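Undergrad: Below are the structure tokens for one structure; questions will follow.
The values are calculated or read from the model by the stated rules, or taken from the named source; none is laboratory data. Because the structure is a prediction, the values reported are computed rather than measured. Because the Cβ atoms are built from the backbone with ideal geometry, glycine has one as well, and the counts that use them run over all protein chains shown. With ligands, DNA and RNA removed, areas are computed over all heavy atoms of the protein, side chains included. Shrake-Rupley method; radii C 1.70, N 1.55, O 1.52, S 1.80 Å.
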Amino acid sequence: EASTSSFSQTQSSFNMADRTGSVKQQVASLVKSSLQATFPDLSDVEPQVAISAKFGDYQCNNAMGLWSRIRGSGTEFRNPNSVGQALANNLPPSEIIESTSVAGPGFVNINLSTNWISKRINDMLVDGIQTWAPILSVKRAVVDFSSPNIAKEMHVGHLRSTIIGDTLARMFEFSDVDVLRRNHVGDWGTQFGMLIEYLFEQFPNWEDVGNQAIGDLQEFYKASKKRFDDDASFKERAQQAVVKLQGGEAKYRAAWKKICEISRSEFDLVYERLNVHLEEKGESFYNPYIPDTIKELTDKGLVEESEGARVIFLEGFNIPLIVVKKDGGYNYASTDLTALKYRLQVEQAEWIIYVTDVGQQQHFEMFFSAARKAGWLPPAEEKKFPRVSHVGFGLVLGSDGKRFRTRSSEVVRLVELLDEAKNRSKAELIQRLENNGTISDWTDEELEQTAEAVGYGAVKYADLKNNRSTNYVFSFDQMLKNQGNTAVYLEYAHARICSIVRRSNKDIDTLKKTGTITLGHPDERVLALHLIQFAEVVEEACNNLLPNVLCEYLYNLSEIFNQFYTNCRVIDSPEETSRLLLCEATATVMRKCFELLGIKPVFKL
Ligand code: ARG
């Protein structure tokens, strides 16, 4: 029942078209005006605005680059510093900026108006966090993620793809991008001949056999592969089965469908636990369109004959991209080229994002390059839409530093893995509540839901917090720690803020409407500034396809909140109303971060 991006339904009258954009975008557009006023002839110069580490809140770094363009051309400016001065002076008047200063070679330090910061937070509390959604230049995106293979193991690589892809999709959806969540399952190929033939052999009345009875498909796959390798006549029949399946013969289609369904219901057990929603368009979907694609590429002169196969030679690669195999069959690349064409032309997607392990990088680079050669995409260096991106990620390692395996079997069963995370988190929760004598305050359902939120959240967060391209070590002990950069710690932080608001005994919804935030203490301002930077963090995470950027922001938020809470008394202080509103704003932003990371927030812990 839980919808993945319900912000548009839960909030009232706010129109996404009325978003103001991130603070950084707003500052950049002021700088843009100043650039145009100062250098009317250099209309191509883009504002360079960054968060400032030291002086001021933001910094404009255009002066040096401009100076090197204009020096010696009889300009009135004497040095980069004077360029910076002019840029600062020509900033249009705005309620956003309080003051500026120019340092060294023309860096313009920009201080935001403290009143404006408070107002921005006040407004968000009234109108909802979706008013802080960034404005992205893409309208529709495909996120191709998870994408396991039928009858084969859904492994930790697919888990990473599922977690990372879902977060990317959620961040884009929050930013009002129309996202097509595609499960590009491997449901087509010659292996189905052997699977179907084995099904007929093992279950002569297969049509009436329940999916349960067929049992574990991975074992089934292994056994059928063994038959295929050991028995020449079975192999022969399996090969004929492929032909019949591809010819659309009903019995073979039905057997194929049954095998797919069994796999699908196994995948769904994982998706249910992770609360991830996908729309399946498997490889089989594109199969009928492949001949057209190959014809187009051939007509465009891209396809050549090489060692009996049909291939595309591409600059920068020492092997060609095979699009039709020696035996005349199609492959992963011909399917991906066809799917890309479909996504561009039929689905009208502007950005197509593929989430797989880095091991597939070459495949993606090669077919992307073929698509550019075919004129489907603009040259990569133009950075224009439509655009394709491969979101590669590293390996999941065990504590021994090798590829992650479980003790019992070589294969990690994802369902068991997730269940273990939940069970461990439940055991720890119960233990703690027994120790502090509050277990009687909890219903069984609350315990269960909290354990789920924390346990699954821990698995997701442990994955997402790393830069995706690095390998990471899977460790239940690490991810379930309640200290350090873990989901558990962050859930605690959030629950604690909620309890501050609860303990105040104030009606926070009324305060939101009547109270105002004033930022008197320096730690209040630091917290407030971090809060209003939420939008640009989501923007950066989307533009660079890096969920860890959001994790880092969330972790810093909780640290910055602690700093504030240590130094600023909230309850029963003269500033109580304002500070409660800051607590509430922090909790609101944290919850949105959790939601974007696919983690359920908990309100008591
Ligand atoms: N099924 C593939 C695998 O398990 C991943 C597919 C990724 N998507 C794509 N369009 N190639 O490795």
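Undergrad: Looking only at the stretch 138-168, filter to residues that are within 17 Å of Leu397 (Cβ to Cβ) and within 11 Å of the ligand (Cβ to nearest atom); which one of those is most open to solvent (accessible area, probe 1.4 Å)?
TA: Taking the candidates together, the pick is His155.
Undergrad: Of (1) within 22 Å of the chain's Cα centre (by Cα); (2) part of a helix (DSSP H, G or I), Cys498 satisfies all except one. Which?
TA: (1)
Undergrad: Also, I was wondering about something else. Mind listing whichever residues of the stretch 342-368 are of a type outside the set (A, V, I, L, M), under 12 Å from Arg387 (Cα atoms) and away from the ligand (no atom under 12 Å from the Cβ)?
TA: Across the stretch 342-368, the qualifying residues are Gln348, Glu350, Trp351.
Undergrad: Moving on. Condition check: within 16 Å of the ligand (Cβ to nearest atom) and open to solvent by less than 30 Å² (accessible area, probe 1.4 Å). Does Val242 satisfy that?
TA: It is false that Val242 is within 16 Å of the ligand (Cβ to nearest atom) and open to solvent by less than 30 Å² (accessible area, probe 1.4 Å).
Undergrad: Do we have Phe192 as open to solvent by less than 10 Å² (accessible area, probe 1.4 Å), among the aromatic types (Phe, Trp, Tyr), away from the ligand (no atom under 16 Å from the Cβ) and modelled with pLDDT of 95 or more here?
TA: no
Undergrad: Also, quick follow-up: Which one is least open to solvent (accessible area, probe 1.4 Å) among residues in the stretch 378-388 that are more than 12 Å from the ligand (Cβ to nearest atom) and either free of Cβ contacts under 8 Å to residues at least 24 places away in the same chain or outside any loop (DSSP other than H, G, I, E, B) (or both)?
TA: The residue in question is Pro378.
Undergrad: With the condition kept exactly as written, say whether any residue in the stretch 119-133 is at pLDDT 95 or above and either assigned to a strand (DSSP E or B) or farther than 28 Å from Glu575 by Cα (or both).
TA: Checking the stretch 119-133: at least one residue is at pLDDT 95 or above and either assigned to a strand (DSSP E or B) or farther than 28 Å from Glu575 by Cα (or both).
Undergrad: Here's something else I'd like to know. Applying the selection to the stretch 69-107, what residues are at pLDDT 95 or above and open to solvent by 60 Å² or more (accessible area, probe 1.4 Å)?
TA: Residues satisfying the conditions are Gln85, Asn89, Asn90, Pro93, Glu95, Glu98, Phe107.
Undergrad: How about the stretch 266-282: which of its residues are among the acidic types (Asp, Glu) and touching a strand residue (DSSP E or B) at 6+ places or on another chain (Cβ under 6 Å)?
TA: Answer for the stretch 266-282, where residues must be among the acidic types (Asp, Glu) and touching a strand residue (DSSP E or B) at 6+ places or on another chain (Cβ under 6 Å): Glu279, Glu280.
Undergrad: Let me ask you something else. So, Asp127, is that one open to solvent by 10 Å² or more (accessible area, probe 1.4 Å), more than 13 Å from the ligand (Cβ to nearest atom) and acidic (Asp, Glu) or not?
TA: yes
Undergrad: Among the residues of the stretch 224-276, which ones are touching a residue at least 12 places away in the same chain (Cβ under 8 Å) and on the phi > 0 side of the Ramachandran plot?
TA: Across the stretch 224-276, the qualifying residue is only Asn275.
Undergrad: Taking the residues in the stretch 534-547 that are crowded, with 19+ Cβ neighbours inside 10 Å and not hydrophobic (A, V, I, L, M, F, W, C) as candidates, determine which candidate is farthest from Trp132 (Cα to Cα).
TA: Pro547
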